Structure formats: structure tokens, C-alpha cells
């Protein structure tokens, strides 16, 4: 679907994006993360054909956005962070206008607007002036204009910015529905949003790609938490002797229980390690109340990636 190779963009002497490469398959939902100024918006604008790369190449379904901008843009929907809507227009009129700008044929325009209204749950607001809508409904209008004509690629920049929790949850459900037929790139500062809807994450740091990983792989962890009732030393000695354990923090006593934080070696088999840990608990004459993997949190990974560049 998308092939990006050695993408670079300069603004005068300032390098906004440097040597970024990635590929995105059809049907993926990919989160684009990074601090302000990391290059997210510049990459989205180059993918949309709004900006040309200073170096490198982009292919979207085999087409170059810089070479045939109109052909690529007909297959692309883009929701910028600050959507230039016209508040005095009715929702349906605005979408009809946006469909005209997208080059959707007059004979297909009404059907395209109706489909976008239904997909964004806006049918009941089609004849409302945009200026009377809540922030959540205005965001839906933005999504509706982006999905006019059933684009193959949808780029969403901060789609839940300024929304209350209920509006944000509705937007996430909408994004998941759209992903059944569309590839989606989602730029956001909200980590829970990426966890909730994305398959994969691209993290940018200072204009460069610092991490490209699926959410399943990213959350994998070698950290375990153990909660038992026992005297401390016999169990700690047994655990420290296990070959799978790389480190063992001093246990914490809490209401008669012991809490251990364990770190496995990177190549350790988690199931085998869990069995060995349970055997240690039994040999120590203790009761096992909890033994589970502690997944890596996305926000913790984000901090690690950005701190490593300091």
C-alpha cells in the first residue's frame, strides 16, 4: 500500500525529516507518534502530496504523490488537526462542496455524501449549520469529508483533540469501523488512543524514525510480578538461583504478603520461568497468590525512545 524510502525534507537549513523509511500494508492502522517538532505533520503532508520531499521516495499503491498528485489524492482522505470547515454552511452542503473539490463526479456526489454521513453517524445532523455543532460533531464532519469517495488511505491528525471522553470513545469506534476497508495513519499525542485502535506504531525523534514495531511486540515484557505468603529468605534464595532470572528486586511486605519484582533474561522462556518460580514458592512452603507478566506500557516505551536521544 505505502512504501517510503529514505524520506527527507528540508525547510531552508532546517531538517524536519531525515532518511525515514517504512512500509504500511493495506488494512493496517498505524500510529504515528513523536513530540511536537518530531516531523509527524511534515510526513503526513508529504504523503498527501501537499509537500514534496527534498530527497527520498513515496509510493502509494504504486503512485508517486509528487508525480501525479491528483491521482493519489483521489484515493486519499486527510483530516488535518485544524480542519478548514465553513461554519455557516450546512453539513450536507459542506460535504457536497468537499466532494466537488475531490473530483467526485456529479452523478456520484449525492451517493458519496450520503455514505459519508451514514459512516460518520451524521445523518440526523445533515441539515444543521456547522457552527451550531459540538466539537465532537464537528470532528465527525471532518472525518466525513476525509472518507468521501471511499479512499484507500486515511490520514488522521489528532482526531480526538479537544473531545470529551464520550466523544473520544465514539471517534475510536468510528476509526475501527473505517479500518475494515481503509488503511489508516493516525497521528496523536494520546497513548491510550494508539493502544485502543492501532496495530502498529512508528515513533519519530528529531525527524528520524526511532521505532517501528507492532503493538503486540511492543507490549511484550520480561518483567514479572510475584505475590506470595512466606518467610523472605528461603524463597529469595531459590529465586536468585534460577537461570531464567536476570535480576530480583528486594521484596516488599504488604499486609502479610510478599511482593517480588522479577526480570527475566531476554532469551528466557516465560512459561518455563513461571513453572520454575512456582516450584520455588512450593519448596519454600508458601502460598502463591499472583504470578504474571507485567506488559510494557506504551507511554514508558515512548519516554525510553525519546530519552535515549538526549
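The values are calculated or read from the model by the stated rules, or taken from the named source; none is laboratory data. The model shown is predicted, which means the values in this text are computed figures rather than measured ones. Note that each Cβ is placed from the backbone with ideal geometry, even for glycine, and that neighbours are counted across all protein chains shown.
Here is a check on your reading of the model: is residue 266 in the same structural domain as residue 229 (by TED's automatic domain parsing), surrounded by 11 or more Cβ atoms within 10 Å (Cβ to Cβ) and at pLDDT below 95?
no
Can you confirm whether residue 106 is more than 30 Å from residue 211 (Cβ to Cβ), under 22 Å from the mean Cα position of the chain (by Cα) and either touching a residue at least 24 places away in the same chain (Cβ under 8 Å) or in the same structural domain as residue 142 (by TED's automatic domain parsing) (or both)? Show your work before the answer.
Numbers: more than 30 Å from residue 211 (Cβ to Cβ): yes; under 22 Å from the mean Cα position of the chain (by Cα): no; either touching a residue at least 24 places away in the same chain (Cβ under 8 Å) or in the same structural domain as residue 142 (by TED's automatic domain parsing) (or both): yes.
Here the answer is no, as residue 106 does not meet what is asked.
Yes/no per residue for (1) touching a strand residue (DSSP E or B) at 6+ places or on another chain (Cβ under 7 Å); (2) in contact (Cβ under 8 Å) with a residue 24 or more places away in the chain:
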residue: 18; (1), (2): yes, yes
residue: 33; (1), (2): yes, yes
residue: 67; (1), (2): no, no
residue: 73; (1), (2): no, yes
residue: 77; (1), (2): yes, yes
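Can you find even one residue in segment 125-143 that is in contact with a strand residue (DSSP E or B) (Cβ under 8 Å, 6 or more places away or on another chain), within 18 Å of residue 6 (Cα to Cα) and in a helix (DSSP H, G or I)?
Checked against the condition, which is being in contact with a strand residue (DSSP E or B) (Cβ under 8 Å, 6 or more places away or on another chain), within 18 Å of residue 6 (Cα to Cα) and in a helix (DSSP H, G or I), segment 125-143 yields no hits at all.
Which residues, taken from segment 156-181, are more than 14 Å from the chain's Cα centre (by Cα) and closer than 16 Å to residue 145 by Cβ?
174, 178
Among the listed residues 174, 156, 148, which satisfies the condition of being surrounded by 13 or more Cβ atoms within 10 Å (Cβ to Cβ) and at pLDDT below 90?
174
Would you check if residue 226 is in a strand (DSSP E or B) and modelled with pLDDT of 90 or more?
It is true that residue 226 is in a strand (DSSP E or B) and modelled with pLDDT of 90 or more.
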